[in-house]
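Everything below concerns the one structure shown next.
The values are calculated or read from the model by the stated rules, or taken from the named source; none is laboratory data. Values in this document were obtained by computation on a predicted structure and should not be read as measured data. With ideal geometry, Cβ positions are generated from the backbone for all residues, glycine too; neighbour counts draw on all protein chains shown. Areas reflect the complete protein model, heavy atoms only, side chains present, ligands, DNA and RNA absent. Shrake-Rupley method; radii C 1.70, N 1.55, O 1.52, S 1.80 Å.
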Amino acid sequence: MTTKDITQTEELKRLRSRIDWFCDNKVNAFSPTISPAPKSVKRNEIESLEEGIRYFFDRGVRELLVQKKYMGSYCDIYLHKALEDTYFVSRNGHRITHIDLEAAGEACKALHQRFDWGGLRLVIIQSELMPWSVLGRGLIDNEFEGYLDAHRQHARFLGQSGLYGKIGQVKASESYLAFVRDKASLPDKQFKEKYPAHIQRQYNALEQFLVLDLEQYNQGIAVYDEQITHFGQEEAIHFKPFNILKKVYDDGREDIPDDNRSYSMVNDDEMLTLRLDDEEMMHRETERAYQWFATLTAGKEEGVVIKPAKAFIKGLPPAFKVRNNHYLTMIYGVHFLKDLEQNIKKRSIGRKLDCSVNDWMINRELLAVPYNEIDKDNYHLKNLVLDRILGEQTEGMLDKRL
C-alpha cells in the first residue's frame, strides 16, 4: 500500500469516526457559515447594510429582522426538561465538553424558565457562547496578542531608530534624484553604462521601500488594541440565544418553528423589524437600520445580522453579517482602515454566499430527522452529515476573514 493510499485510508477512518460521533452524541443540526453582506463602493462600505437589505428585497423578502451580532463562539443549546441533561454543540457539530459545564448549566436557568415544559422534552436553540475568551483564550493570547505586540515593537523601532530620517535624506540627495530622472529618460543601455549594477540595486530597493505614515500606523495599532481589549475580556460564562431551531415533545412530536422572530422568545435584547412593502419603504427602513447600527457601533458592539423573518427560504442564505470597521481592523489587521478602498475593491463574497445557502438547506434537512431516530444506523442522516462536512472542507479554502 502506498503512502497516498495509507493517507486516504486514515482520512476515511477519521471521517467515518466523526459521522458516528455525530450520531452517538445526538446532534440534530450543523451550523451554517454566515456570509458578510455585499459591499457598497458608493457608500465606501466593505459590508453594507444597504446592499444586504437590497439583496433580500430584490428576491421577494418583505419582512427582515436586524439583530445585534454577538462576539462569542457559536453554540447550539440542547435545552432539556431536566436541565442537568442539557448539552452544547459547537459550530462544527462537536459536543462542547472543555468548559465549565456546571457554570454553563447555571447560565441556562433563566432561559429554561422561559418555556412551559408540560409535554415538552427538548428545545434546540441557536446561541452565542459568551464571552469569546471561554473558547478563544488561546487564540487571543497566542495569535491576536502576539500580532499586536509585533506591531507595537515595529512602530516603536521606526519611531526611535531615525531610519525614516536617513531614508529621507538619501531620497533628497542630488545623486538619488538624478538616478530617478535618468531612469525615466535615458535609453536602457546608456542608463546601465552610467549606473553600475550595485548602485541600481541600492537605489531600486530604496525606491521600493515602504515608508509608513507613523501617525496613521499608530492609530491603526490603537484601534486594534482597543478591539482586542474589549472583546477579549474575561466575564462569567453566559449565552446570547437568538433562534429556536426545534422543539421535541414527550410523545415524539416535533416542531420546527421556521421563524427567526423566535428571537424574542429567548432574548430580551432589542431587535429591529423592517417592513419592505415597496422601494420607498425599503429606503426608509434602511436608514432606520443605519441609525441603530451607528448606536451599536458607538457602544463598541461588533455589528448586526440581517435575516428574513422566515428562517428557511429555498435558495437564500440564513443571514448576512455586517461588522463595523473598527471591529474589522481586528480581523484584517492594523492597516485595514488605511487600505479600506483597496480592501473593498478586492472583496468578493460569491463562494462564501454559495456555501452559506447550501449549509442552511442541509441544516433544514438535518433538523427534519426526528431526534429519536438519530443513530449510526440512520444512513440518510449520515449522508447529510457527510454532505455538510464536504461543504466545510470547501469553506476551509475560502478567505478566513469573510
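For this structure, a couple of remarks:
- Residues that are open to solvent by 10 Å² or more (accessible area, probe 1.4 Å) and out of contact with any Phe, Trp or Tyr (no Cβ under 6 Å at 6 or more places or on another chain) within the range 62-74 comprise ARG62, GLU63, LYS68, LYS69, TYR70, SER73, TYR74, listed in sequence order.
- Neighbours by Cβ (under 7 Å, 6+ apart or cross-chain): first from the range 243-259, without any contact (Cβ under 8 Å) to a residue 60 or more places away in the chain; second part of a loop (DSSP other than H, G, I, E, B): ASP258/ALA311; ASP258/PHE312; ASP259/ALA309; ASP259/ALA311
- Residue match in the range 299-318 (condition: open to solvent by 60 Å² or more (accessible area, probe 1.4 Å), under 21 Å from the mean Cα position of the chain (by Cα) and more than 21 Å from LYS39 (Cβ to Cβ)): yes
- Considering residues of the range 43-55 that are in contact (Cβ under 8 Å) with a residue 40 or more places away in the chain and not aliphatic (A, V, I, L, M) only, the residue most open to solvent (accessible area, probe 1.4 Å): ASN44
- Within the option set GLU215, GLU174, being open to solvent by 80 Å² or more (accessible area, probe 1.4 Å) and either under 37 Å from the mean Cα position of the chain (by Cα) or polar (S, T, N, Q) (or both) holds for one residue only, GLU215.
- Only one entry in TYR87, TYR78, TYR147, TYR74 is of a type outside the set (A, V, I, L, M) and farther than 25 Å from VAL385 by Cα, namely TYR147.
- Restricting the search to helices (runs of 4 or more DSSP H) fully inside the range 301-402 and requiring at least 2 residues that are over 20 Å from LYS68 (Cα atoms) gives 340-346, 350-368, 379-395.
A quick yes/no check of all residues on (1) touching a Phe, Trp or Tyr at 6+ places or on another chain (Cβ under 8 Å); (2) within 22 Å of CYS355 (Cβ to Cβ); (3) surrounded by fewer than 22 Cβ atoms within 10 Å (Cβ to Cβ); (4) in contact (Cβ under 8 Å) with a residue 40 or more places away in the chain:
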site: GLN8; (1), (2), (3), (4): no, no, yes, no
site: GLU11; (1), (2), (3), (4): no, yes, yes, no
site: LEU15; (1), (2), (3), (4): no, yes, yes, yes
site: ASP20; (1), (2), (3), (4): no, no, yes, yes
site: PHE57; (1), (2), (3), (4): no, no, yes, yes
site: ASP76; (1), (2), (3), (4): yes, yes, no, yes
site: VAL89; (1), (2), (3), (4): yes, yes, no, yes
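- Assessment of the range 97-105 against the conditions (out of contact with any Gly (no Cβ under 6 Å at 6 or more places or on another chain), assigned to a strand (DSSP E or B) and among the hydroxyl-bearing types (Ser, Thr, Tyr)) yields no matching residue.
- Some residue of the range 180-187 being under 24 Å from the mean Cα position of the chain (by Cα) and surrounded by 14 or more Cβ atoms within 10 Å (Cβ to Cβ): no
- Subset tally (residues that are surrounded by 15 or more Cβ atoms within 10 Å (Cβ to Cβ) and either out of contact with any strand residue (DSSP E or B) (no Cβ under 8 Å at 6 or more places or on another chain) or closer than 15 Å to ARG323 by Cα (or both)) for the range 22-42: 12
- Any chance LYS171 is at pLDDT 90 or above, of a type outside the set (Val, Ile, Thr) and on the phi < 0 side of the Ramachandran plot: no
- Restricting the range 120-168 to residues that are of a type in the set (Phe, Trp, Tyr) and over 17 Å from ILE221 (Cα atoms), the residue that is least open to solvent (accessible area, probe 1.4 Å): TRP132
- Counted residues, the range 188-210 - those being open to solvent by 70 Å² or more (accessible area, probe 1.4 Å) and of a type in the set (A, V, I, L, M, F, W, C): 2
- Among residues of the range 274-300, those that are assigned to a loop (DSSP other than H, G, I, E, B) and hydrophobic (A, V, I, L, M, F, W, C), counted: 1
- Residue match in the range 54-65 (condition: touching a strand residue (DSSP E or B) at 6+ places or on another chain (Cβ under 6 Å), assigned to a loop (DSSP other than H, G, I, E, B), modelled with pLDDT of 95 or more and over 26 Å from MET130 (Cα atoms)): yes
- Exactly one residue out of ASP100, ASP85 is more than 23 Å from LEU274 (Cα to Cα), surrounded by fewer than 22 Cβ atoms within 10 Å (Cβ to Cβ) and touching a residue at least 40 places away in the same chain (Cβ under 8 Å): that is ASP100.
- Residues satisfying the stated conditions in the range 280-298, i.e. in contact (Cβ under 8 Å) with a residue 24 or more places away in the chain and either among the acidic types (Asp, Glu) or closer than 13 Å to ASN243 by Cα (or both): GLU285
- Selection count where residues are hydroxyl-bearing (Ser, Thr, Tyr), under 24 Å from LEU158 (Cβ atoms) and outside any helix (DSSP H, G or I), scope the range 173-211: 1
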